[in-house]
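Reading through the structure tokens given below for one structure.
Only the coordinates and a few stated rules stand behind these numbers; no lab work does. Note that the structure is predicted; figures quoted are calculated from it, not measured. Every residue, glycine as well, gets a Cβ built from its backbone with ideal geometry; the counts of neighbours run over all protein chains shown.
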Amino acid sequence: MVMRVTSPLAHFHPFIPAGGVGSRLWPLSRADAPKFLLDLTGSGSSLLRATYDRLAGLSGGRVMVVTGRTHAPAVCRQLPELSPGDLVLEPSPKDSAAAIGLACMLIARQDPDAIVGSFAADHVIEPAEAFQDVVREAVAAAASGRIVTIGIPPSSPATGFGYIRAGSQLGLEGAPHALQVEQFVEKPDEATARAYVHSGNYTWNAGMFVAPASLMLRHLAASEPALHAGLAEIADAWGTPAQDEVVDRVWPGLPKTAIDYAVAEPAAAAGDVAMVPATFTWDDVGDFAAISRLNHVDPHGDPHVTVLGDNSRVLADSSTGIVVSDTGRMIALIGVEDIVVVDTPDALLVTTQEHAQRVKDAVASLKQSGNTDVL
Ligand SMILES: Nc1nc2c(ncn2[C@@H]2O[C@H](COP(=O)(O)OP(=O)(O)O[C@H]3O[C@H](CO)[C@@H](O)[C@H](O)[C@@H]3O)[C@@H](O)[C@H]2O)c(=O)[nH]1
């Protein structure tokens, strides 16, 4: 008798949930130009394009993208090879649990043994080869019936990340570094994050999940039954003449929540989560300080002004920081440190790298005060 052994990679279906504006990068990021569509590294590729390229090599070129209807033209321009069947469009943003849940359902209907991989659309990761090795290991670990996360050594008590406490080695075939996850805590408060980082027992969650589709959906059904039921109704109608009617009727009523609360936290409490440590550098490009860091190319490490934008004209005297501009307007900086200047035709941002995280609050104020034309 001949036994055919298929590698777990043969059932691997990566996808990219691409939503959210990235409001800490306003006025560069806008509702119609979200962070994932921007080139923030000066590489000539958007974050979405780079994410797609890192994954395509692992899945024979097939990667699904779940995004908002309004972003469809830009996504298709950036990913011309994306087949229509791999572009899943949402009528409105419903947060990551809906996007990821729908992708899991559509993929599970094509391949009941699917191992899915959800990868955030807007991170900078280097080098791609190390990332791919870690994902291969995560796929092997997921084949043992676990939801596999990727752990990043924390460099600060950031409150915008999930924290993972891992325990013992699992000793899984093809996944020598996989560890059992004992606890997953999404976005702890600052005191808790400080205690976690101080303990040395936690990693950040890199915003990626590799798992059997069936296991993701089992946890989603248990913790968010209404969301699961709504998504199942949509998935049943997908590709039929009823698709648009069902999506437009069901989608607006879906609960809005993040996959980290809906699946990762309860699955970890149930002992179903593993973690593979990252061997690549990772940056979620959370604010302009991160962009400055990523684009700082001075070989001597001397502080200077990082300038981004095709049309930027900058005079910098005794100054450090970052200028992002494509207006062609001359920007002169004299004796200012760690400055952030972002110049666009209808909005000018001036802050410092220390306060770069607070841009999100400014965006909230603009929204509240009705200045939505610049968002
Ligand atoms: N299609 C779609 N995608 C969405 C939506 N909302 C979020 N996403 C996508 O889902 C992914 C994660 O969502 P974020 O909203 O960016 O998550 P986060 O607050 O940064 O937290 C997550 O990532 C951190 C690392 O950056 C993690 O540390 C944390 O645990 C969590 O997984 C990103 O690719 C984002 O584009 C939506 O409504 N629709």
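Structure notes:
- Shape class for segment 176-265: prolate, because the ratio a/c of the largest to smallest gyration tensor axis (alpha-carbon atoms, square roots of eigenvalues) is 1.5 or more and a/b beats b/c.
- 3J(HN,Hα) along segment 194-207: 4, 5, 4, 5, 4, 5, x, 9, 10, 10, 6, 7, 7, x Hz, from the Karplus curve 6.51 cos²θ - 1.76 cosθ + 1.60 with θ = phi - 60°, whole Hz, x for Gly and Pro.
- Judged by the ratio a/c of the largest to the smallest principal axis of the C-alpha gyration tensor, segment 44-150 counts as oblate, that ratio being 1.5 or greater while a/b is no larger than b/c.
- Under 23 Å from the Cα of Lys367 - lysines, other chains or at least 8 residues apart: Lys35, Lys94, Lys256
- Built amide H within the under 5 Å cut-off of Leu308, gap 5+: Val323, Val324, Ser325
- Gyration tensor (alpha-carbon) shape descriptor, the chain, a/c threshold 1.5: prolate
- Net +/- balance of residues flanking Thr257 in space, Cβ distance below 12 Å, scoring K and R +1, D and E -1: -3
- Overall Cα dimensions of segment 276-361 - principal axes, largest extent first, Å: 47, 34, 24
- In the frame of its principal axes, segment 153-207 has Cα extents of 37, 21, 18 Å, reported largest first.
- Alpha-carbon centroid distance for the pair segment 124-155 / segment 1-59, whole angstrom: 14
- Using C-alpha pairs below 8 Å separated by at least 6 residues, the relative contact order for segment 8-283 is 24 percent.
- Residues whose placed amide H lies under 5 Å from that of His13, excluding near-sequence neighbours: Ile115, Val116, Gly117
- Angle between the chain longest axis and helix 359-368 axis [Cα atoms, degrees, rounded to 10]: 90
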